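Okay, so here's the structure we're looking at.
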Amino acid sequence: MKVGIIGCGAIANIIASKIVPEESEIEIKYFFDKDIERAENLASFAGGVAVLNLDDMLNDVDLVLECASPDSVKLLAPKILEKGISMIIMSVGAMMDKAFYTKISKLAKENNAHIHLPSGAIVGLDGINAVADFGLKEITLVTRKSPKSLGKSIDSEEILFEGKASEAVKEFPLNINVAATISLACNRDIDVKIIVDPKVDRNVHEITAKGDFGEFKTITMNHPCAVNPKTSMLAAISAIKLLKTFNETISVGL
Ligand SMILES: NC(=O)c1ccc[n+]([C@@H]2O[C@H](COP(=O)([O-])OP(=O)(O)OC[C@H]3O[C@@H](n4cnc5c(N)ncnc54)[C@H](O)[C@@H]3O)[C@@H](O)[C@H]2O)c1
């Protein structure tokens, strides 16, 4: 499978450094970034090709992996899906815009393409997907981040946001993909609390779900990426796992 990447930052660097084409049948060939130097650096590290225009990769890829920004998804996804090319979208917050969601799911369907949203920086989405239509009554997310990761300098815990995921995504578009992913998985605008906590040095996501099935709670304590502390290592690894599942005959836990 030939893959093109949009956005050559923290996530792309981890993915490119951990995928060995001979072992995985995945070739990450093209690199596109609005900052061409970043695309060139990563392409040269990974033995791929940096492209100046997105069009220069679209005739030769089976899949595009977006790891750039919500704006890039809005701008570029229609063009990619119209060509029948499937996508992995990391900037999941973009999908909280209902009109955009409807537009690109229609485009994907008409052109036989697929849109994949990885589990990203959390665990537990398998369970949330499973119970979404079967008696899920309550679901909440509490996210704790260090002051450093949010560019703040404070000594005591502070609630930065409390409200619905759709609002959190507008206020913190680059920080709250997790809330968007959970909301999309269970098809409701979930309750979210974001806390800046000087006691944590990781990105911590606590999900609680209750319903007819019983109750579950997951806590994910992520190491931030060195390059971009807003982003968790697990987010990049989840995209690698997703890429690998396309070649698997037996899928476990999906
Ligand atoms: N799904 C998840 O759980 C999850 C977790 C972490 C990050 N993310 C999201 O993934 C995306 C990438 O994260 P990152 O940490 O690698 O970011 P980063 O800031 O380290 O890198 C992003 C790169 O994309 C490029 N870029 C931005 N807009 C672009 C555009 N319109 N066209 C081309 N290039 C563009 C930037 O120049 C930069 O090189 C972000 O939107 C982030 O919010 C999702």
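The values are calculated or read from the model by the stated rules, or taken from the named source; none is laboratory data. Just so we're clear, the structure is a prediction, and the values are computed from it rather than from any experiment. In this analysis, Cβ positions are derived from the backbone assuming ideal geometry, glycine residues included, and neighbour counts consider all displayed protein chains. The area values use the complete protein model at the heavy-atom level, side chains included, leaving out ligands, DNA and RNA. Shrake-Rupley method; radii C 1.70, N 1.55, O 1.52, S 1.80 Å.
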*Classify segment 189-250 as rounded, prolate or oblate from the Cα gyration tensor: take a ≥ b ≥ c as the square roots of its eigenvalues, call it rounded if a/c is under 1.5, otherwise prolate when a/b beats b/c and oblate if not.*
oblate
*Where does segment 14-111 land on Rg/Rh, using Cα atoms and the Kirkwood Rh?*
0.97
*Take every DSSP beta bridge with both residues inside the chain and express the antiparallel ones as a percent of the total, to the nearest 5.*
50
*Sort HIS223, HIS116, HIS205 from largest to smallest accessible area, using a 1.4 Å probe on the heavy atoms of the protein chains.*
HIS223, HIS116, HIS205
*How much FRET efficiency would the formula 1/(1 + (r/R0)^6) give for GLU215 and LYS170, where r is the Cβ-Cβ distance and R0 is 35 Å, rounded to 0.05?*
0.70
*May I ask you to compute the full-extension gain from PHE45 to LYS103, defined as 0.36 nm times their residue separation minus their alpha-carbon distance, rounded to one decimal in nm?*
17.3 nm
*Averaged per residue, what accessible area in Å² does the chain show with a 1.4 Å probe, protein chains only?*
50
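Full extension from ASP126 to LEU75: what is 0.36 nm times the residue separation minus their Cα-Cα distance, to one decimal in nm? Before the final figure, lay out each step's value.
Values: separation 51, 0.36 × 51 = 18.36 nm, distance 2.96 nm.
Net length gain for the segment: 15.4 nm.
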*List the equivalent ellipsoid semi-axes of segment 125-225 in whole Å, largest first, each obtained as the square root of 5λ for an eigenvalue λ of the Cα gyration tensor.*
25, 14, 11
*Top mean-square fluctuation among ILE182, ILE190, ILE159, Gaussian network model of the chain, C-alpha springs under 10 Å?*
ILE159
*Can you spot the aspartates and glutamates whose alpha carbon is less than 17 Å from LYS29's alpha carbon? Ignore those fewer than 8 places along the same chain.*
GLU37, GLU40, ASP55, ASP56, ASP60, ASP62, GLU66
*Solvent-accessible area, 1.4 Å probe, carbon plus sulfur percent, for the chain*: 50
*Rounded to whole Å and sorted largest first, what semi-axes of the equivalent ellipsoid does the C-alpha gyration tensor of the chain yield via the square root of 5 times each eigenvalue?*
29, 22, 17
